[in-house]
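Enquirer: Take this structure first; my questions come after.
Every read-out reported here was derived from the displayed coordinates using simple, explicitly stated rules and does not represent laboratory data. All values reported here derive from a predicted model rather than from experimental measurement. Ideal geometry is used to build each Cβ from the backbone, glycine not excepted, and the neighbour counts take in all protein chains shown.
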Amino acid sequence: MLKKSILGWMTRLARDKRGVSAVEFALIAPVLIGLYFGTAEVANGVGADRKVSLIAAALANLSAQATSISTSDMGNILDASGAIITPYDATKLKMTVTCISISATKVASVKWSVTRNGTANSGNITIPTALAVASTTLIFAQASYAYTPTVGQTITGTLTLSDQMYMSPRISPPTYGTTTCT
């Protein structure tokens, strides 16, 4: 008799469909919510990284167009390039523009360097071998951003997103203030 009642109870339990949807939702919901927030976080990080690349390109491009850059001109270049980071916090952005002169013996040296929230370059500098063309100049732009993920900050902490770009001066090597780049 006991055997029949246990078997009957198990059969009824196997056929009972009440609550199955709620259980499935309870099992799947945390995974779906995690995927949603993870995808949003990755998209936000990729967007910030793309903006850093655009900032480096804008710094190099705007500086390479000029033949003479005053202090206020450089301020405008840094302001315009820094505006690209919007809607992210611009105080976490570091930008540096450097004019590099390459000697006849292919030694690259910094002629002038301007920065906002970063470290100015000085002295001799290492550049890629392919860019070391004797008796030329280069504009070297660097941008970095301290990105803190909204949701995943406890996992990753703050990430430093950075990019750099070398560009040849368009017309002639730019003079910054009274410092030439030759």
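Enquirer: What ³J(HN,Hα) values, in whole Hz, does the Karplus curve 6.51 cos²θ - 1.76 cosθ + 1.60 give for segment 26-39 when θ = phi - 60°, with x put for Gly and Pro?
Expert: Rounded to whole hertz, the list is 5, 7, 8, 4, x, 5, 5, 5, x, 4, 4, 5, x, 5.
Enquirer: Using the Karplus curve 6.51 cos²θ - 1.76 cosθ + 1.60 with θ = phi - 60°, work out ³J(HN,Hα) for each residue of segment 118-126 in order, rounded to whole Hz, and write x for Gly and Pro.
Expert: x, 10, 6, 7, 7, x, 6, 9, 8
Enquirer: Which number comes out as Rg/Rh for the chain once both Rg and the Kirkwood Rh are worked out on C-alpha atoms?
Expert: Expressed as Rg/Rh, it is 1.43.
Enquirer: Same structure, new question: Work out from phi, with θ = phi - 60° and the Karplus expression 6.51 cos²θ - 1.76 cosθ + 1.60, the ³J(HN,Hα) of each residue of segment 49-66, listed in order in whole Hz, and give x for Gly and Pro.
Expert: Values, residue by residue: 5, 5, 5, 5, 5, 5, 5, 4, 5, 5, 4, 5, 5, 5, 6, 6, 6, 8 Hz.
Enquirer: Ranked highest first by the average count of other Cβ atoms within 10 Å around their residues, in what order do 44-52, 135-143 fall? Don't jump to the answer; show the numbers that get you there.
Expert: Details: 44-52: 16.4, 135-143: 22.0.
Peptide ranking by packing, descending: 135-143, 44-52.
Enquirer: Grab the Cα-Cα distance for Ser109 and Ser70, subtract it from 0.36 nm times how many residues apart they are, and report the gain in nm with one decimal.
Expert: Length gained between Ser109 and Ser70: 11.9 nm.
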